[in-house]
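The values are calculated or read from the model by the stated rules, or taken from the named source; none is laboratory data. If you're wondering where the values come from, they're calculated on a predicted model, not measured in any experiment. Cβ atoms come from the backbone with ideal geometry, glycine included; neighbour counts cover every protein chain shown. Each accessible area value is taken on the protein alone, full model and side chains, heavy atoms only, with ligands, DNA and RNA left out. Shrake-Rupley method; radii C 1.70, N 1.55, O 1.52, S 1.80 Å.
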Amino acid sequence: MNSKPRVLIIVGSKSDLNVVEGATEVLQDFGVGYQLTVSSAHRTSSRTIKIASEAAERGFRVIIAAAGWSAGLPGAIAAETILPVVGVPVPSSVLLGMDAMFSMVQMPPGVPVATMAVGNGGARNAGLFALQILAGEFKELRSKLQNYKRDLAEKVTRDAESCEELFLPES
Ligand code: RP5
């Protein structure tokens, strides 16, 4: 699967790059190729439509779209492709991403956007969600994802052991 990037990441502005690092880090950790570009739903609408409509034939399997403010980007992309679109709300306005989140999560019936949490943690989940989609096709990812989940659980167990505390008040 490494001969071609399978994940296309589009951010609405260069100013969103710090948030989307959550997704690029996890894809790098799992050794999965991606292409990242900047395109805005409102400032470069024709470019966005072109990128979205050509993504499937270019070999991409999933698109991650991160944007802030009214965040039409994931929806505009989803309108032009049958690839799954994962939206990441960016907290760039005074509404701290609530505006972007509602723009993504409230897509009208027929044009879904899988909306993640606001910010960097949401971007990390977008990367993991993209990997889970790819794991249906690329079986080498399945064991890596299972190991990832096992490591997460083991950390909680270690933390539980190191933080265990019992307080009994004197009666
Ligand atoms: C959105 O507007 C972008 O996704 C970004 O989060 C926000 C601000 O963009 P800039 O003014 O920083 O380019 O479309």
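Results, tabulated for the structure shown:
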item: Solvent accessible area, Å² - D16, 1.4 Å probe, full protein context; result: 10
item: Cα-based radius of gyration of the stretch 50-90 once divided by 2.2 N^0.38 Å, which approximates compact folds; result: 1.09
item: Carbon + sulfur, % of accessible area of the stretch 1-150 - ligands and nucleic acids excluded, 1.4 Å; result: 56
item: Heavy atoms of R158 accessible to a 1.4 Å probe, total area in Å² rounded to 10; result: 130
item: Accessible-area order (highest first, 1.4 angstrom probe) of the listed residues E170, E161; result: E170, E161
item: Convex hull volume of the stretch 37-130 per residue (C-alpha atoms, cubic angstrom); result: 84
item: Convex hull projection area averaged over all views, the stretch 99-151, Cα basis, nm²; result: 4.6
item: Kirkwood-based Rg to Rh ratio, the chain, C-alpha trace; result: 1.09
item: The stretch 1-37 residues near the modelled R58 label - backbone nitrogen below 13 Å, point 7 Å along Cα→Cβ; result: 5-11, 34-37
item: Solvent-accessible surface ranking, highest first, for E140, E54 at 1.4 angstrom; result: E140, E54
item: Built amide H within the under 5 Å cut-off of V62, gap 5+; result: L8
item: Between the stretch 88-143 and the stretch 1-53, the alpha-carbon center distance in angstrom; result: 12
item: Per residue solvent-accessible surface (Å²) - the chain, probe of 1.4 Å; result: 56
